[in-house]
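The values are calculated or read from the model by the stated rules, or taken from the named source; none is laboratory data. Only a predicted model underlies this, so the values are computations on that prediction, with no experimental measurement involved. A quick note on method: Cβ atoms are made from the backbone with ideal geometry, for glycine too, and the neighbour counts reach across all protein chains shown.
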Amino acid sequence: MGSNAGHLVVFTAKGQDLWIRFGPPSMCYSVRDETEMLNVIQQLLAETALFAVVMRGDEWAGTTLIRRGEDVPRLGRNEVAHVVSWSGKYDQTIKSEAQA
């Protein structure tokens, strides 16, 4: 199968804000400091945390991290959540009930 994560990237915005991201569009997550950054990276690599990007059609509606085995945040009408894990083992696409 393989991973949809692409790359794991850590970057700053103007040397201020810290962000962690996977390769796909909109898979960015802001962290407060280096300690949180290292904690989130460890969880992503261990796949205890997964990225979840919610789309409404072609429009981005939100990005968050979820714990493996937990439900994605509640989806609105016509929303789809793309869950991506580091290895691809836990990747899934979840559609709102209106689309299911």
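So the values come out like this:
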| read-out | value |
| --- | --- |
| Flag for Pro73 being closer than 15 Å to Val9 by Cα and part of a loop (DSSP other than H, G, I, E, B) | no |
| Selected residue [loosely packed, with under 13 Cβ neighbours inside 10 Å, of a type outside the set (D, E, K, R) and in contact (Cβ under 8 Å) with a residue 24 or more places away in the chain] from Gly69, Gly2, Gly57 | Gly2 |
| Unmet requirement for Val10, which otherwise passes all of (1) touching a helix residue (DSSP H, G or I) at 6+ places or on another chain (Cβ under 8 Å); (2) part of a loop (DSSP other than H, G, I, E, B) | (2) |
| The one condition in (1) surrounded by 12 or more Cβ atoms within 10 Å (Cβ to Cβ); (2) closer than 20 Å to His7 by Cβ; (3) free of Cβ contacts under 8 Å to residues at least 12 places away in the same chain that Gln42 fails to fulfil | (1) |
| Any chance Val84 is surrounded by 14 or more Cβ atoms within 10 Å (Cβ to Cβ), closer than 26 Å to Asp17 by Cβ and in contact (Cβ under 8 Å) with a residue 60 or more places away in the chain | yes |
| Enumeration of residues in region 83-100 that are part of a strand (DSSP E or B) and under 23 Å from Met37 (Cβ atoms) | Val83, Val84 |
| Qualifying residue in region 60-71 (condition: out of contact with any strand residue (DSSP E or B) (no Cβ under 9 Å at 6 or more places or on another chain) and either at pLDDT 95 or above or at positive phi (or both)) | yes |
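Conditions tested, residue by residue: (1) touching a residue at least 12 places away in the same chain (Cβ under 8 Å); (2) touching a Lys or Arg at 6+ places or on another chain (Cβ under 8 Å); (3) not acidic (Asp, Glu).
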site	(1), (2), (3)
Val9	yes, yes, yes
Gln16	no, no, yes
Ser26	yes, no, yes
Arg32	yes, no, yes
Met37	yes, no, yes
Thr64	yes, no, yes
Ser96	yes, yes, yes
